[in-house]
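Step one of this worksheet: look at the structure below.
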Amino acid sequence: MRWDALFDDMEAQLAARQRLDLEAEVAERALVDSAQVELADRLRGSLGLSIRVHVSSGTVFEGTLSHAGSAALVLDEPRHQLLIPYAAAVQYAGLSRLSVPEQSTVRRRLGLASALRGLAGGRARVTILASNGPAAAGLHGVIDTVGRDFLDLAVTCEGAERRPPSVRQVLTIPFGALAGIRSATAAGS
């Protein structure tokens, strides 16, 4: 009878040890998996949510997350859309815990310059928000050209078309100085 109790006790200890080993392995795998998650994946997992993005200038942008690319996101504000480079953000609030990896290799390669070239090609009126200035003070105009790490903005009065008489100056702005690019037209227009 004593032998039965001894073997039962040893069996229980072995089962407990196996359970602890399994729990440790699951926890380790979860850590390894989370180490592979990129910010863009977390943002894609939050599409459709209302989030806040704090940028380096101290400005906080709030809106519905409608796009998360490889280098920038798009927030839908009540009256505009706002493209925010990931490099400009210092923190996010309201993100889901979900992560969704980008399945398209083409989309993974499209960076900030690609999005800005799309705006330049469409001659879209925009407001450039600098990373070292207040959100209310933006540069209004049309993106003329986009280089690898800069853009040329034809500065106009707010709402003015890009025509030679309305262009006050052309500024070259490094991508690193961008806090955001706000559309001149309402979101969804």
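When T145 is tested against (1) at pLDDT below 90; (2) farther than 30 Å from G48 by Cβ, exactly one condition is not met: (1). When you scan the stretch 123-142, do you find a residue that is more than 13 Å from S183 (Cα to Cα), in a strand (DSSP E or B) and modelled with pLDDT of 95 or more, even just one? No, because not a single residue in the stretch 123-142 is more than 13 Å from S183 (Cα to Cα), in a strand (DSSP E or B) and modelled with pLDDT of 95 or more. When R44 is evaluated against the numbered criteria (1) in contact with a strand residue (DSSP E or B) (Cβ under 6 Å, 6 or more places away or on another chain); (2) at pLDDT 95 or above, which criterion, by number, is the only one it fails? All conditions are met except number (2). Residue count for the stretch 95-124 satisfying the condition of being more than 15 Å from A68 (Cβ to Cβ) and touching a Gly at 6+ places or on another chain (Cβ under 7 Å): 0. When restricted to residues that are hydroxyl-bearing (S, T, Y) and either surrounded by 13 or more Cβ atoms within 10 Å (Cβ to Cβ) or closer than 15 Å to L153 by Cβ (or both), the stretch 97-126 contains 2. All told, R97 falls short of being out of contact with any Phe, Trp or Tyr (no Cβ under 7 Å at 6 or more places or on another chain), in the same structural domain as T156 (by TED's automatic domain parsing), basic (K, R) and farther than 19 Å from L47 by Cβ.
Residues that are within 16 Å of V74 (Cα to Cα), crowded, with 17+ Cβ neighbours inside 10 Å and in contact with a Ser or Thr (Cβ under 6 Å, 6 or more places away or on another chain) do occur in the stretch 172-179, at least one of them. With respect to the stated conditions, V53 is within 13 Å of the chain's Cα centre (by Cα) and among the aliphatic types (A, V, I, L, M).
The values are calculated or read from the model by the stated rules, or taken from the named source; none is laboratory data. Remember, it's a predicted structure, so these values are computed and weren't measured experimentally. Here Cβ is always computed from backbone atoms with ideal geometry, including for glycine, and neighbour counts include all displayed protein chains.
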